[in-house]
Structures are given as structure tokens and as C-alpha cells.
1. Working carefully through the options A:D34, A:D66, A:D7, find the one that is closer than 30 Å to A:G393 by Cα and more than 7 Å from chain B (Cβ to nearest Cβ).
2. I need the full set of residues from the range A:470-497 which are within 30 Å of A:I615 (Cβ to Cβ) and in a helix (DSSP H, G or I), in order please.
3. If I ask for residues that are among the hydrophobic types (A, V, I, L, M, F, W, C) and within 14 Å of chain A (Cβ to nearest Cβ), which ones from the range B:129-146 would you list?
4. Hey, which of the helices (runs of 4 or more DSSP H) in the range B:223-336, taking only ones fully inside, have at least 2 residues that are under 18 Å from the mean Cα position of the chain (by Cα) and surrounded by 20 or more Cβ atoms within 10 Å (Cβ to Cβ)?
5. Limited to the range B:529-547, what total is found for residues that are within 11 Å of the ligand (Cβ to nearest atom) and in contact (Cβ under 8 Å) with a residue 24 or more places away in the chain?
6. Quick check on this structure: which one of B:E122, B:E133 is among the acidic types (D, E), surrounded by fewer than 24 Cβ atoms within 10 Å (Cβ to Cβ), at pLDDT below 95 and over 30 Å from B:E598 (Cβ atoms)?
7. Take the range A:228-242 and flag every residue that is at pLDDT 95 or above and more than 7 Å from every other protein chain (Cβ to nearest Cβ).
8. Assuming B:D526 fulfils every condition listed in (1) assigned to a loop (DSSP other than H, G, I, E, B); (2) within 16 Å of the ligand (Cβ to nearest atom) apart from one, which condition is it?
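The values are calculated or read from the model by the stated rules, or taken from the named source; none is laboratory data. Quantities reported herein were computed from a predicted structural model and do not represent experimental measurements. Cβ placement follows ideal geometry from the backbone for every residue including glycine, while neighbour counts extend to all protein chains displayed.
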2 protein chains.
Amino acid sequence: MKYEMPDINLKALFLGVKGENTDLFKELLLKMVDEHVGWRQNYMPQDLPVITPQDKSSKSFQETADHMRSVFNLLSSKLRANSLPWHSAGRFWGHMNSETLMPAIIAYSAAMLWNGNNVAYESSPGTSQMEEEVGHEFAALMSYVKGKSWGHICADGSIANLEGLWYARNMKSLPLAIKEVAPEFVAGKSEWELLNMSTAEILDILDQIPEKMDEIKAHSARSGKNLQKLGKWLIPQTKHYSWLKAADIIGVGLDCVEEIDVDDNYRMDIDKLEAKIREFAAQQIPVLGVVGVIGTTEEGQVDRIDKMVELREKLAKEGIYFYIHVDAAYGGYARAIFLDENNEFIEWEKIDEVYAKHNIFSEPCEWLTKEIYDSFKAMNQAETITIDPHKMGYIPYSAGGIVIKDIRMRDAISYFATYVFEKGADIPALLGAYMLEGSKAGATAAAVWTAHKVLPLNVTGYGKLIGASIEGAYRFYHFLYGKEFKVGDKTIRLYPLTRPDFNMVDYVFNEVGNTDLEKMNKLNHDFFDQASYVKGGLYDNEFITSHTDFAIPDYGNSPLPFVKSLGFSEREWDREGKVTVLRASALSPYAHDKDVFEEYAGEIEKAMQSKLEKIYSEMEANAKVEVAVR
Amino acid sequence: MKYEMPDINLKALFLGVKGENTDLFKELLLKMVDEHVGWRQNYMPQDLPVITPQDKSSKSFQETADHMRSVFNLLSSKLRANSLPWHSAGRFWGHMNSETLMPAIIAYSAAMLWNGNNVAYESSPGTSQMEEEVGHEFAALMSYVKGKSWGHICADGSIANLEGLWYARNMKSLPLAIKEVAPEFVAGKSEWELLNMSTAEILDILDQIPEKMDEIKAHSARSGKNLQKLGKWLIPQTKHYSWLKAADIIGVGLDCVEEIDVDDNYRMDIDKLEAKIREFAAQQIPVLGVVGVIGTTEEGQVDRIDKMVELREKLAKEGIYFYIHVDAAYGGYARAIFLDENNEFIEWEKIDEVYAKHNIFSEPCEWLTKEIYDSFKAMNQAETITIDPHKMGYIPYSAGGIVIKDIRMRDAISYFATYVFEKGADIPALLGAYMLEGSKAGATAAAVWTAHKVLPLNVTGYGKLIGASIEGAYRFYHFLYGKEFKVGDKTIRLYPLTRPDFNMVDYVFNEVGNTDLEKMNKLNHDFFDQASYVKGGLYDNEFITSHTDFAIPDYGNSPLPFVKSLGFSEREWDREGKVTVLRASALSPYAHDKDVFEEYAGEIEKAMQSKLEKIYSEMEANAKVEVAVR
Ligand SMILES: [Mg+2]
């Protein structure tokens, strides 16, 4: 049953802004339900139904069914009254949400009927196999070496990041444990040297003494010892609370977390990273690890992973080593746009040609720079990577994932020896012993697996979808750039924050001539209120967006160049200490289309105009009240 | 729109062994899909469809749709070929799985279309409200004080247990932090006294100094300091790997984990618990906390939480305090069988009357003892409780939950001040800052919420379902008790392990006259192989069960009385060091029915007979080969 992958038409893969593909959705959903029911019927067909026609005709059955129907009326009403219309092709430019893939939704609904629990192979053979496949697909997406890497699905990016930190912590502690259990293998090494061994070196030693593995693990950080010796965990300046939470939970503690400034592009400043590492080294404080981000939460920016890796190579020559965890929860799937149909990372020189061949962009798109290219390329040098199918994988929540470069690391945290695998299968019998979580829905694996089968993780599949999303983001970015609105005698102009590294567009409104930063912040906050559930409602809202604050405690002076470019003084920045920006994740699979975008652009413009008018008229009314009160 | 809850007929709530309720299932599923599509269509009805009729007629659309259809053929085939028929009313007596509630499945499928992410209220108002409601329902289920307690949904029981340990760790460390930041509030207390303050005492102090809360938290265990001072974490002897993993992850470490022996009933031995705590106290080693289990993983037994609480009260007078976390991942929902229609814990004297009124059991059931009653009743004295909707809540994977007695504890771990709530709503704006995980499916909350609306968490709802499950377990238990099979000239007899505390039945086969424990273990292992995917296949298997080993490293000599009762000597136990038992989670909502059970009983008996014959004939064949080879 071989067939050629067709040239993918994304429009066949989503339910549609107006439910255009409801027919296809129902066809496949009902097919899967029917095939499940057929399976139930034909398992021991000699067994008769337990729920009889007489049962179904009984009063209590009817009453119970009606009771259930009433509950569904309530559920439907609550969902319709309190949900966000992120399915819109052009009116929702807010949170990281959008249409999700029809095949993923249907696969989840279908697999849920079988209710596999992927914690144990025995209770979910089918979906456990799918998860194992997905893990290897993730590894291929990261250009990790086939057969030597591994990945699995987890609840979300926070859990994946936590697992990455758990790996880093236990790996870093292993040399101290080896020193206690098998000192001859680290003979002559000082504590500083032990705490600066590379991950590969450590794993190579463990390979030589499998019989001592359990004892070494018992002496590692899992014992509770040495956590305070492992050094600093370096994260981007923005200090996303989830990283603080992770350090808290994993026990290394918040005191070991250090932030590295970001540059004007909201990417980690690698020079400052180097300076900080050297500063610690001078005090004999090791670095547990560094977190690079592919797709920052608030800006969608891409850290220079290539420069981080280069720095590590340089410092290694001086005896300094740090673990790299890449948080690509958001941007991980975007690596598909760099892989050709054979999953090889495309050469820089050939990339335009490949994009043309696969229709990645509908018009020339200026998004890709060599810096972004190099950052994505170097991801395969990181020890662990977080990737969230429920973000750029267009899979419904919750589906996170983690990928590990060296499968041997799995044993460093596992609760059973590796050989506890099923005969023949290279799949853990008890996956729960090899990961942070326990029980987990087989349905999630089925959803991700199905999406990957429909859309391979390269330019023939996900690459197209990611391309569409980026192209849509750039359309929005260009639409915003310098756009002006007239409200009474005021002119309000739009300013994007940066040239997007990915598909997120941050922007602000400012009144032309305004030099009061507090006033601008209020304007944008008011705009958010009007463009969200806060004041604007959800269902009758013609334009929806999200917002965030860049404040000095989190961002230092990184926003200053932007703030200055809008005409505010440095003193004004120091006084206000923050800038409120509006934030759009551009995920729609449709907005890349020129005609679609242009149609919506007119609507957005009208909606923005009317929101601004509302804000200014309320401001005026408030001002009058104040005057009257005086 | 008020209506009376009807007398629930469980048969209306499941898809059915043979898909008997497929009509009802499709009716509700399609209703929810249609109402979702209607919602999409009527958000800005002036916007035209983006996927046009011409798009849908295009070659690439058709090819992509066909490609997707092919993938679904593959998915359906893999699911049908590699899944377990746990939906059977009488042939599946294995892992903790069964039919799940139709309303939960449909609600999940429906809510997935809206794809809310409950990490943030803003991106999921409807399902966030549902999760908040579910949390309070959990708290009511545990008889925690209304308005002073809290709960939320999480990925699974492992994550909930991890969060419980995180709470315990941070709570225990707070007095040391108070001593550093606001010493006047703990003036005169020694370190030993600080480490033995009760949770309520600690929270009462914090209440007095809200302005110092953040600084105190910064000095708590979250800083990474003092983790090794907090003392021992006491778990049941069986040392389930998930507890070791939790201690590893949370950084207190495996070296702080101590196991407490279980008694002959596989419940924690409270005398030994007391002795151990006193032994540590004599060395000035505090006890971080104690884990009690409601529904042990391997035996379904119920720890004496009441005795644990009594012990705590007794020791508190001597200045010793320990945190109690109840792992009721499995048995938590069973507390519904103790709550009357007003959610009050039913008086012991009235319980038979209430059960009769609500038809909890179809025939008198000897399950309930005063010990079990008291154990469940005392759960409301624990600080935190794990409860898994995806176990006895009959919700599809993954849905776990945690409940906390004192909502003020939430602030002890949170990453934002409590006042970061939406106006008017008592719901965190960013739930991710108050729990271990981050992004999470709103659909899970919708599924659990819907199930709770259909089946309230008391005798009018879940109590009935739990009762059915327990009654089914007792039918299976009585069926097994002393049953004999003839194979050639051998007699093989069945022995249940214990009188079940809940709905799990463990059992062994032994050849009458056999006094070789290794031989019995092999027989039961062979039986498992025949009754599982290992050798027996799944779809053509007429009886499916699971198995477990009780080995001395995990169980000490607890299994000895059972082993002796089967006629094995103590020497034999010491020699073999383990007993392999077969294990049945009796979750079917149908097997409680006498007629249904009896029909299946005949089938099970035949299947057991044929499996035993197969095993013995293979044994004989192997013996002959061995003779021939000699
Ligand atoms: Mg075995």
C-alpha cells in the first residue's frame, strides 16, 4: 500500500474558519467511531450485548439520557459563551493559539475510545509504538544521530523544561558519584575538573562500567547530595517564571539561577554570557547549564544557538563545560522548514531553490537571515530540546515533548535498567520509569503520530505550514508598519517592536508627538482591554490581541533603543520603567494568502479605528468628569 | 432550567460492550460538533469562508484529503490490531482500565474544538471556570472546609504526588525562613521545634506578615537551601518507583526516603510507623511527611489514615509533627460512596439505610468494614490528596488531580502574589504560577466537569458507579475462591490474596499438593503470558489479566502468611524470595449484575481451563524434549 505524498494543500487539513470542511471532519470522525464500535462488536462475537433493548426502553435509562442531554446543553452554552475565536483567519492576533489540525483532533477523539495509557507498553501496545516513532521523528527533526538519540511526548513545555533541568542536574553530578564509586575512572581530576566534564565524556565512562551503573546513580544528585555544588543555571534575562519554578522544583534552587541579558533583538547576548561564565569560573563556580530559546514567549525571537555552541567549544579548551538545553517549545517545529524531503538540513546556498520547488512561500519573503538559519542549524549540538506539538505542531492541548541527543542519558535518570524492554521491541516496557510523568494518554501519541504522517517534519509537510504562518506574520508586520489612525485631531501611529525572527509580531500604538511613556503604556493597555475579554467581549469582538509588559526588572534596558526610536527620552524610560506592548502570535494557516490577508486587513483597520475612538472618547469623558468634580 | 436529578441508570452512560449506545454517542458527539461549527459560522458572519468551493474541488485538495484518508486507514488498523479489549464486561480482569464515561469522552472531543489552554484564564475563560469548579468539587469530596480549600486538575497521579511532595518540602522549610526574615514570630524556638511546627501554625504566622511573604518564600526551600535538613519522607514498604522518582526530582533525594512495613493486609503498619518516627526523633531527625495510600497500586488496599492521624495527634503532644499526603490516585473517587446527597459524610449507623435507598449494591455486599470507613473518613485531615479522574473517575487518560486542605498553602509555592486574580473571579489569572505544570488542555477540565455534572460526587452519582465496581470485584473474588481445575491427573486451585479493601482482586493458581514455590510462580507467570499480549494475543484472547511480583526487597515478609496458607514452608519462601500473583482491577460498570456476571463466569472458567491445559501440555512437551536431549 505505497503511494506518493501529494503536494499538500493546507486547506484540506483544517476544519475551516466557517467550518468549511465539516463534511470531511464528520466523515473521518464517524469512520473512526464506527471502526471502533466494529472492533468492540467483534471481540468475542459470541458474547451478547449487556445493555439490552429493554434496558434502553426503561424509564430510568431515558431519564438518565435526558439528564446527560441537559448537561451537554449546559456545556455547549458555556463553551460558546466563554471561548476565544482564534479560528478566525484574520481577526485573532493574540495568544499562541489557532486552528489545530483536523487529523490531530480526529485521531485524538478516535484513540480516546481505546484509552491506552502509554506509561506501560503492556496496556497500550499500539499507541506506545506511535510514541516511540514520534520520539524518533523529533530526533530526526533536530538532526540528532539516528539510533543514538531519543524523544518522547510529555504534558507540556514546562514539564519538558523541568525534565531537561533534571537531566542536566543528574548528568552534572555523575562525575562526583563516579569519583566515589569508581575513582579509578576519574583519577587525578580535581572537583573543578569533575564538574566540567562533558556529557559525552561522562557517558563514555559509564559505558565501561555498566555493572557499577546502579551504584553510581545512587550516589548522583538523585540521592539529594551535592545539589549546591553543581553551579549556576543560566537563563535569558526575561526570567520566565516557569524557569524559576523549575529550579525550585528540581531542588537546585532559585539562588543558582542567573539571568543573561538580552540584546536589542531580545536574543541572549552571547558576549555577556561569556563574561558571566568567566566571572563564575574565576570564583570556581561551575555552570550547570545554559538555556537557549528558539522562539521566546513574549517576542518570538531566536537565540543564537550557534554562537552558544561556539562559545562552549572555545571554553572547553580552557576546561570549562556547560550543558545546553534548548527551549524550543514554541519554535521547535519550525526546524521542519530547514529539512529537505530526505530530512537533511538544506544547504544555505540551495534554500531558495528548495523553497521555490515546494512552494513554501507564495511570494518572496524576507524572513530568513543567515543568523536565524545558523541558530536553527546548531540545535543538534544541545543535549536536550523542548518541543511542543501543541504550539507550532498545530496539535490540540496538551502535547509537549522532549528530545535527547544521546540516548544513553536516559539511563542516567531511569528507574529501571535499560534491559527492561520488551523482547524485540526497542521500547521501554515501563515508560514511566524513564521520564518525569507517569500515566499519559495514548491518544496524545496517536494525535501527534497522525499529524506527522499527514505532514512529515520537513519541507514537504510541516515546513509548508510553518512557512504559511511566517508569511502571514510578515504580512501583519508590514500592515502595521507605520500605519496611522486619525481620532479627532490626534494621529496614532503603529510601531512594530522588531523584525520578527519567527511568526510573532509585537507592536505598540503611540500618539504622534506624545513623549510621555506612561501615556503610551496606558493607550496600549486600554487597547488590549478593548481587544480582549476584559472589556471587548469575545464573540462580538472584531479584533482580538494579547499584551505584555517589558519592565526593567525583567528586561533591563533592552527595550530602550525601541523606546527611544519612538521619541521617548532615556529619562522617561527610567521614570516609567516599562513599556506595554501588544503581542500577536500569527499562527493562522490562511493569512499568508495575499487575497485573504487583504480582505481582513480592511476589517482590522476598521476595528482598530473604532477601538481607538472608543478609548479616546472614554478618555475625554473621564477628563470632563474630573474637571466637573474640581 | 431546574430539574431533579433522576435515579441514575449506569447503562445510559457508557458506549457499551458491543457499542449498544452508539446511537446516543453519535447524537451527542454530532450535536457538539454542529454547535461548535455554528459558533464558528456566526462569529463575524460577514466574513466569507476562506476555503472556497473551488478550493475543495481542486486536485491538490482532493489528493491531500485522500492522503489524510489513507493515514486514517493506517491509524485505525494499528489501533484495532494493538489495543486491549478492556471494554468487555467479563473477559478483561487486568490493568486499571475499563469503559470510560461517554459524557467525558464526548465532552473532551467537543471542548478540544475550542482548544482552551487552562494555564491562563485569558485564553480559556470557559474551561478555566470549569477547572475551578472541579477543584472545589474535589475539596467537597474530601470533606475539606468549603471556601478554605482548593484543588486542580493535573496530568496524572505522579505529577500530583510530586506536587504534594513539593508542597510538603516548601511548607516544612518555611519556619527556617521565617526565622531568617522575621525571627520575632518564631522567637525562642529551636531548630527541632521549627522543623516540627504544624502546617496550620506556619500558615497562621504568614497570615500576620503578608508584606514579608515574598522574602520568606525566597528564603524557603525554593532557594535550594536547607533541603537536607527537612528530614525523612516515609512511604509504604512497596516503595513504588514513582515515589523514588519524586524524591529525586524534588531534590530532597532518595536518601531521605524511608519505607514503613506493611501488615498482612498490605496496609501500612502504623505501629511500625510510630516506632520509626520515634527512632528518628531520638536522633533529632525530623519527619518531612508520611504518605498514606487509598487503593494501593498492586493490591488495591486502603491504609489506615485514621490511625495515622491519631498517631500524629499523639506525637504532636510530644512536639513531633509530620505532613500527611494521601495518595488516593486510585481510590479517591471512592469517597463518593460515603457522601449523602448533601455531600455530608454518612454516619456509620445509617449507611446501610442510605445504600438501600440509593440502590448502591444490588445484593447485600460484605465489602464495607468499620476500618475502611474510618480510613476514608479521616482523609480530610491530610494536607494534600492525590486523586486521578482517569482511574475511578472513569475519565479517559490523562486526567489527574490534587486537592489541598488549606488554600493558603497555594501561596507558599506560587510564583505570583495571590491578588493576581481576575476582578470578581476567585480564579488565578495564571494558573501555571500556582501549580507544577504549565499549559494544559481545557478539554480535560471540560471532560471532568461534565462527568461530575452527570454523576455528582456522592451516593446519587459516582457512589453508584463505585458501588457497582466493588460489587463486581466481590463477585469475581467469590468466583475465584477455592475454584478447582482438573488438568490430566492434576488439580489446580485458585486462591485470592486478601479480602479486597476496594475493587482489586489479586490471586494465584497452585497445583494441589505442590510445595515448590518456584513452580507455583512459574505457573502463574505462564498463565499471565497466556492471558496477555505476551503469548495470548489480545483480540482473540478469551480472558485477560495482569500480574505482579511480591518480592522480599519490596515487601519484606508481608506475603509470608499468604504463602504459608497455601502450604509452602518458610524455608521455601526464603529460598524463592517472591510470589508471583495475578492481578485484576475490577472496574467494569456491568459485572456487578448477577446475571451478567454469571454468564461471563462460565466463559472465564472455560478460558482458564483451556489456558491451563495449554500450559501443562507445553510443560510436558518441554520435559519430553529435555529427556530426548539427554
Ligand atoms: Mg513478568
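1. A:D34
2. Answer for the range A:470-497, where residues must be within 30 Å of A:I615 (Cβ to Cβ) and in a helix (DSSP H, G or I): A:G472, A:A473, A:Y474, A:R475, A:F476, A:Y477, A:H478, A:F479, A:L480.
3. Across the range B:129-146, the qualifying residues are B:M130, B:V134.
4. B:241-250
5. 3
6. Result of the check over B:E122, B:E133: B:E122.
7. A:K229, A:L230, A:G231, A:K232, A:W233, A:L234, A:I235
8. Looking at each condition in turn, B:D526 falls short on (1).
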